[in-house]
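A short worksheet on the structure shown next.
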Amino acid sequence: YGTLKSALTAINTDTTSNSFKITFLDNYTASSADLSAMGSKYGTRGVLGKRTTNKPTIVFTGATNYSTGTSYSSWTTFTSQKQGIYFDGFNAYFTHVNLDWSGSTVYGNQNDTTFDDVKFVGGAVTAIYGGRYYSNSTNVSYNLKFEDVEMTKDAPVKKIFGGGQDNSTGTINLTMTNCTIYGNVYASSGPYNSTTYTHTGDVHATLQDT
């Protein structure tokens with residue numbers, strides 16, 4: 001489809017399928033239009049932002065240059081530096097792709113968000129939140145998962161929050177399996193500047209071989 005926005009727009013026309021895959025055949029840098037299509041701090045303004053009960057899982061994956069190998073060094077890279085990255089109305093699943101999100105802050109917006117066999121490159125990610133930018137009053141349960149994720153001192157994720165950047169309600173499941181993590185990990189909501197927020201509900205954090 002040429003652009004991430006076009007791919008998401010096409011996905012949104014299919015309201016019956018529950019899983020899609022977007023492959024970055026070459027290194028790809030997200031435009032402002034792409035990021036707006038993915039989501040917003042309000043949680044409902046992306047292309048799929050109106051999805052509630054019929055939220056699909058979208059797999060974002062890189063292409064592999066088999067002439068150089070099969071490890072991360074041969075994968076394509078998805079770049080979005082110094083941006084807010086939000087997922088509205090879909091569960092995001094990143095696998096077999098390098099992520100250059102240096103200086104960016106990522107919000108799952110209380111959708112299921114998964115990083116499976118990926119490597120962070122290019123510089124420090126400011127933060128990844130499983131939750132929202134703004135508070136929510138309804139009870140929402142979701143998962144934030146990291147599996148086989150590789151970070152380095154040069155490309156850490158400074159802060160990982162199971163929760164969001166404001167008060168929230170529901171059940172949070174944060175899972176890390178077989179990962180190398182550089183950064184601070186908060187099971188629920190953490191401090192933002194000098195303010196601490198409250199999560200009301202269950203919080204489950206499971207770290208294994210990490």
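The values are calculated or read from the model by the stated rules, or taken from the named source; none is laboratory data. For clarity, every value in this text was computed on a predicted model and none was experimentally measured. Every residue, glycine as well, gets a Cβ built from its backbone with ideal geometry; the counts of neighbours run over all protein chains shown. Heavy atoms of the whole protein, side chains included, go into the accessibility calculation; ligands, DNA and RNA do not. Shrake-Rupley method; radii C 1.70, N 1.55, O 1.52, S 1.80 Å.
Structure notes:
- Enumeration of residues in the stretch 41-82 that are open to solvent by less than 20 Å² (accessible area, probe 1.4 Å), touching a residue at least 40 places away in the same chain (Cβ under 8 Å) and of a type outside the set (Val, Ile, Thr): GLY43, GLY46, LEU48, GLY49, PRO56, PHE78, SER80
- Members of the stretch 83-131 found to be of a type in the set (Gly, Ala, Ser), open to solvent by less than 10 Å² (accessible area, probe 1.4 Å) and under 17 Å from ASP34 (Cβ atoms), listed by number: GLY89, ALA92, SER104
- Screening the candidates THR16, THR23 for the property of being open to solvent by 40 Å² or more (accessible area, probe 1.4 Å) and in a strand (DSSP E or B) yields one hit, THR23.
- Criterion violated by LEU144 - all others in (1) more than 23 Å from ASN27 (Cα to Cα); (2) within 14 Å of the chain's Cα centre (by Cα); (3) free of Cβ contacts under 8 Å to residues at least 24 places away in the same chain satisfied: (3)
- MET151 meets all of the listed conditions (1) surrounded by 17 or more Cβ atoms within 10 Å (Cβ to Cβ); (2) under 20 Å from TYR28 (Cβ atoms) but one, namely (2).
- Top-ranked residue in the stretch 132-176 [being among the basic types (Lys, Arg) and in contact with a Phe, Trp or Tyr (Cβ under 8 Å, 6 or more places away or on another chain); ranked as nearest to GLY39 (Cα to Cα)]: ARG132
- Lone qualifier among TYR182, TYR142, TYR133 - being at pLDDT 95 or above and part of a loop (DSSP other than H, G, I, E, B): TYR182
- Residue in the stretch 188-200 that is at pLDDT 95 or above and outside any loop (DSSP other than H, G, I, E, B) present: no
- Whichever residue in the stretch 31-75 is modelled with pLDDT of 95 or more and of a type in the set (Val, Ile, Thr) and, among such residues, is nearest to LYS5 (Cα to Cα): VAL47
- Within the stretch 92-125, being closer than 20 Å to SER189 by Cα and of a type in the set (D, E, K, R) holds for one residue alone: ASP112.
- Summed over the stretch 1-21, the residues that are within 22 Å of TYR129 (Cα to Cα) and either of a type in the set (Val, Ile, Thr) or at pLDDT below 95 (or both) give a count of 0.
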